[in-house]
Structure formats: structure tokens, C-alpha cells
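Data block below; observations after.
The values are calculated or read from the model by the stated rules, or taken from the named source; none is laboratory data. Computed from a predicted structure; not experimentally measured. Cβ coordinates were reconstructed from backbone atoms using ideal geometry, including for glycine residues, and neighbour counts include every protein chain displayed.
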Amino acid sequence: MPERQDLSAEELYAKFSAFPPEQHVQTICELGTDIQHCRYLAMVPDRQGAPECAKASNLRQVLNQRVSDADMVAQGDNCPGTLGFVIENQELLMGNKVIHHEAGEDTPLVFDGIRTNKGFIEVGGFMMNEDFVQIGITPDGITFNAPYIGYAKVLFERVEQPQAASQG
């Protein structure tokens, strides 16, 4: 796991939004139309021709169903996807602000890691089924969304630590 660094919001966004990098696409996803190639690679206009990982998106269920129906050639599930990448690099986010939104209420917290257990993930006190979580990466942070339930958003912003009072 990478060591915690004080990266700017722009640097964190660049790091997390670059998944999957070209080398990963070529060696792990194997962009193409053979059966072992990744089913989750999606071409989207805002990535300037670079594929996006749709494994933690609202397309996941559709792509899995198309594979079950033998309606797709590329059927691979070759890596943990965006969620795995975020977990692998979560140390870069330690100490950042988190907004936990559930039942119409926002609760501000401090990011202390992502925990996984038996198909569930927990981010900022928000538990989600790994099969249904949708991950969105925007310039201000990473949103872990459980549709119709709520979300946890890890902001690319450090929590300000109170200054210790000086003793005179």
C-alpha cells in the first residue's frame, strides 16, 4: 500500500481517475474481443478514447447478465476493478474528510480506511454490498454509492487538525 502523502486535490483526482492505466488495459484487461478479455471495459467520451472500468458502475449488472446470456464475446473478470484500485491506494486518502449520507442526513467524518468482509464494504461507517456499490470519481472526491440507500464520499480534502495550545 502506498504511504500517506500530502497530495493536492488535483493530484489525488489525477491518480484515481486514471484507472485503468494503459499498461493495465493491455496486460490485465486485455482489450479486445476474445472470451478472456475483460467484460467491464467501456469506452466513454470524457476519457479521450481511453477505456473506463465499468465494474463498479451501474453497467455492472447489465454486463454480467449479457455474459450469462452468452450475448457478449469478451467475458473476462480479470481484476478487482476500480474498487480494488481504490482499496490498494487508500492510504493516500487517510485523514481526509468523508461525508456519510443516509436517510437524508449528512454526517461528516474522517476517512480511516475501507473495510471488506464477506462481500460487503464499509467506508465512513456506511456498509454496502460489494455487488451493488457504484464508485464515481470526480475532481472533489470518490463517491461510494449504494443506490436508493445512501453514499459515502471521500473528499480530496484533508481534515484540519486543531492547533495544540502553546503553554507559556
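Contact map, segment 47-73: residues that are within 15 Å of Ile35 (Cβ to Cβ) paired with residues that are assigned to a helix (DSSP H, G or I) and of a type outside the set (A, V, I, L, M), Cβ distance under 9 Å, separation 6+ or inter-chain. Pairs shown: Asp71/Gln65; Met72/Arg66.
Any residue at all in segment 30-52 that is in contact with a Phe, Trp or Tyr (Cβ under 8 Å, 6 or more places away or on another chain) and hydrophobic (A, V, I, L, M, F, W, C)? There is no residue in segment 30-52 that is in contact with a Phe, Trp or Tyr (Cβ under 8 Å, 6 or more places away or on another chain) and hydrophobic (A, V, I, L, M, F, W, C).
Does Val123 satisfy the condition of being farther than 18 Å from Asn58 by Cα, within 13 Å of the chain's Cα centre (by Cα) and surrounded by 15 or more Cβ atoms within 10 Å (Cβ to Cβ)? For Val123, the condition - farther than 18 Å from Asn58 by Cα, within 13 Å of the chain's Cα centre (by Cα) and surrounded by 15 or more Cβ atoms within 10 Å (Cβ to Cβ) - is met.
For segment 33-45, the condition of being more than 23 Å from Thr143 (Cα to Cα), at pLDDT 90 or above, in contact with a Gly (Cβ under 9 Å, 6 or more places away or on another chain) and not in a loop (DSSP other than H, G, I, E, B) holds for at least one residue. Determine if segment 75-90 includes at least one residue that is among the aromatic types (Phe, Trp, Tyr), under 19 Å from Pro20 (Cα atoms) and either in contact with a Leu (Cβ under 8 Å, 6 or more places away or on another chain) or surrounded by 19 or more Cβ atoms within 10 Å (Cβ to Cβ) (or both). Yes, because at least one residue in segment 75-90 is among the aromatic types (Phe, Trp, Tyr), under 19 Å from Pro20 (Cα atoms) and either in contact with a Leu (Cβ under 8 Å, 6 or more places away or on another chain) or surrounded by 19 or more Cβ atoms within 10 Å (Cβ to Cβ) (or both). For segment 62-77, the set of residues classified as assigned to a loop (DSSP other than H, G, I, E, B) and either under 19 Å from Val133 (Cβ atoms) or of a type in the set (A, V, I, L, M, F, W, C) (or both) consists of Ala70, Met72, Val73, Ala74, Asp77, listed by residue number.
Please tell me if Leu109 is within 16 Å of the chain's Cα centre (by Cα) and of a type outside the set (Lys, Arg). Answer is no for this residue. Any residue at all in segment 49-61 that's assigned to a loop (DSSP other than H, G, I, E, B), touching a Gly at 6+ places or on another chain (Cβ under 9 Å) and under 16 Å from Glu30 (Cβ atoms)? Within segment 49-61, one or more residues are assigned to a loop (DSSP other than H, G, I, E, B), touching a Gly at 6+ places or on another chain (Cβ under 9 Å) and under 16 Å from Glu30 (Cβ atoms). Quickly run through segment 6-32 and pick out the residues that are under 24 Å from Asp140 (Cα atoms), touching a residue at least 12 places away in the same chain (Cβ under 8 Å) and of a type in the set (A, V, I, L, M, F, W, C). Passing the criteria: Leu7, Ala9, Leu12, Phe16, Phe19.
Comparison of Ala9, Ala70 shows that the only residue that is within 18 Å of the chain's Cα centre (by Cα) and small (Gly, Ala, Ser) is Ala9. Being farther than 19 Å from Asp6 by Cβ and either in contact with a helix residue (DSSP H, G or I) (Cβ under 7 Å, 6 or more places away or on another chain) or buried (at least 17 other Cβ atoms within 10 Å of the Cβ) (or both) is the filter here, so list the residues in segment 91-108 that pass it. Ile99, His100, His101, listed by residue number. Elements of the type strands (runs of 3 or more DSSP E) sitting completely within segment 83-168 and holding at least 1 residues that are in contact (Cβ under 8 Å) with a residue 60 or more places away in the chain: these cover 96-102, 134-138, 141-146, 150-158.
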